[in-house]
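Trainee: Would you mind keeping the following structure in view while I ask a few things?
The values are calculated or read from the model by the stated rules, or taken from the named source; none is laboratory data. All of these numbers come straight from a predicted model, not from anything done at the bench. Reconstructed Cβ throughout: ideal geometry from the backbone, glycine too, with neighbour counts over all protein chains shown. Ligands, DNA and RNA are stripped out before the accessible areas are found, and what is left, the full protein with its side chains, is counted by its heavy atoms. Shrake-Rupley method; radii C 1.70, N 1.55, O 1.52, S 1.80 Å.
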Amino acid sequence: MLKEYIENKLEKLQGKTGVYYKNLKTQEELLIAENDLFLSASVIKLWVMGEAFHQIEQGILSKDTMIILKDSDKVPSGLVEDYARQARTGSLSEDMFPESGVLNLLHTGTELTIEDLYRLMITVSDNTATNILIDILGMEKINAFISSLGMEKTKLNRILFDTSPQGKNLENVISLKETGMFFEKIYKGELISRQASEEMSAILQNQQFNYKIPFFLPRIPIGHKTGEDNGITNDAGIIYSEIPFVLCFASNDTEVCFADRVCQEIAKKAYDYTIC
């Protein structure tokens, strides 16, 4: 019944869409996607957080390490007027601006810890914090971490707002099933360690963008990460209901407002289906 409902909803959306669902009690699993590879937008930040915790666990990095915010770190930084112009002309989505977070508004010289950075990266989807972390952690190490989890499709290919010639034709991509695996490992306490999993779960439950999966489920704890870009809207996470489940939604080359509504409705249907 849930599969047919989701298929019917996705058929009404333009572009490429997909949903992954897994009941964490019964292990029932659904993947509804012709090709399980999607442009990630900010959902890729999950794996940046994961590698941060991995390096902290290994003693390579301390969450209390201080960094000093520089003008050159800020995204969109000096290009903000150009990005705004592109948004107005339709070549860049204004949806990206709420996701750029708060650090680009703070004064140069602000002191931040590694913990501040990964919390801002997830809870307010701060792009400046993300790029600083990618630089500190190393893109190759983040991708090695993804591979170590048995994930072959998901990949971080560039920093955010990369305007360099090298980054021009590169995109960050996710698999919905692999994203679901990420959350299931957190739920089981198997992502890095139980303590790290619990800390990441708490951060994800403090997510500030709650207008997609949580929309019709406001009283249920949900640890999730959204992603938005021009024609892209994604959301993925764990719904900690009486019977917990993972839900991952992606829609690329779509009409974002309609896709957001479909995501909301699928999340409510998945909840009703799971607990009944």
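Trainee: Sequence-distant or interchain residues sharing an amide H contact under 5 Å with E28, placed H: which?
Mentor: Those lying under 5 Å, H to H, from E28 are N23.
Trainee: Amide H of F245: which non-local residues (sequence gap of 5 or more, or other chain) have their own amide H closer than 5 Å, using H built in the peptide plane?
Mentor: The answer is L24, I239.
Trainee: Turning to a different aspect of this structure: With θ taken as phi - 60° and the coefficients 6.51, -1.76 and 1.60, list the Karplus ³J(HN,Hα) couplings across the stretch 148-160 in order, rounded to whole Hz; mark glycine and proline as x.
Mentor: So the Karplus estimates, Gly and Pro as x, are 5, 8, x, 9, 9, 9, 5, 7, 8, 9, 7, 6, 7 Hz.
Trainee: Which percent, nearest 5, of DSSP beta bridges in the stretch 121-276 are antiparallel?
Mentor: Around 100 percent antiparallel, to the nearest 5.
Trainee: With loop defined by DSSP as not H, G, I, E or B, and exposure as at most 11 other Cβ atoms within 10 Å, which is the longest segment of the chain clear of exposed GluC sites (Glu not before Pro)?
Mentor: It runs 35-151.
Trainee: K155: which aspartates and glutamates have alpha carbons under 18 Å from its alpha carbon, excluding same-chain residues fewer than 8 sequence positions away?
Mentor: The qualifying aspartates and glutamates are D36, E51, D135, E140, E171, E178, E228, D229, D235.
Trainee: Among T123, T110, I134, which residue has its Cα positioned farthest towards the positive end of the charge dipole of the chain, with +1 placed on the Cβ of Lys and Arg, -1 on the Cβ of Asp and Glu, and the dipole taken about the Cα centre?
Mentor: The one lying farthest along the dipole's positive direction is T123.
Trainee: Let me ask another. Got a sec? What order do H107, H224 fall in by accessible area at 1.4 Å, biggest, i.e. largest, first?
Mentor: Sorted by accessible area, descending: H107, H224.
Trainee: So, one more: Take the chain, connect every pair of alpha-carbon atoms lying under 10 Å apart with a spring to form a Gaussian network, then pick out the residue of S164, S42, S125 with the largest mean-square fluctuation.
Mentor: So, out of S164, S42, S125, the one fluctuating most is S164.
Trainee: Another question, then. Return the sequence-ordered ³J(HN,Hα) values of the stretch 248-255 in whole Hz as given by the Karplus equation 6.51 cos²θ - 1.76 cosθ + 1.60 applied to θ = phi - 60°, using x for Gly and Pro.
Mentor: 10, 10, 9, 9, 10, 6, 10, 8
Trainee: Using modelled backbone amide H atoms (1.01 Å from N, in-plane), which distant-in-sequence or interchain residues come within less than 5 Å of G223's amide H?
Mentor: For G223, whose amide H was placed from the backbone, the distant partners under 5 Å are I238, Y240.
Trainee: Further, regarding this structure: Whole-Hz ³J(HN,Hα) for each residue in the stretch 122-133, computed from phi via Karplus 6.51 cos²θ - 1.76 cosθ + 1.60 with θ = phi - 60°, x for glycine and proline: what do you get?
Mentor: Values, residue by residue: 8, 6, 10, 6, 5, 6, 5, 4, 4, 5, 4, 5 Hz.
Trainee: A further question follows. What does the helix-only formula give at 222 nm for the chain: each DSSP H stretch with n ≥ 4 adding -39500 (n - 2.57), the total divided by the residues, and the result rounded to the nearest 500 deg cm²/dmol?
Mentor: Only helices count here, giving -12500 deg cm²/dmol.
Trainee: Give the range of the longest stretch in the chain that excludes all trypsin sites (Lys or Arg not before Pro) found in loop regions by DSSP and having at most 13 other beta-carbon atoms within 10 Å.
Mentor: 71-167
Trainee: Ignoring everything but the protein chains, give the 1.4 Å probe accessible area of S148 in square angstrom, nearest 10.
Mentor: About 90 Å², ignoring ligands and nucleic acids.
Trainee: Which whole-number value in Å² is the accessible area per residue of the chain, probe 1.4 Å?
Mentor: Ligands and nucleic acids excluded, the figure is 45 Å² per residue.
Trainee: Same structure again: Taking the Cα centre of the chain as origin and charging only Cβ (+1 Lys, Arg; -1 Asp, Glu), how large is the dipole, in debye to the nearest 20?
Mentor: 340
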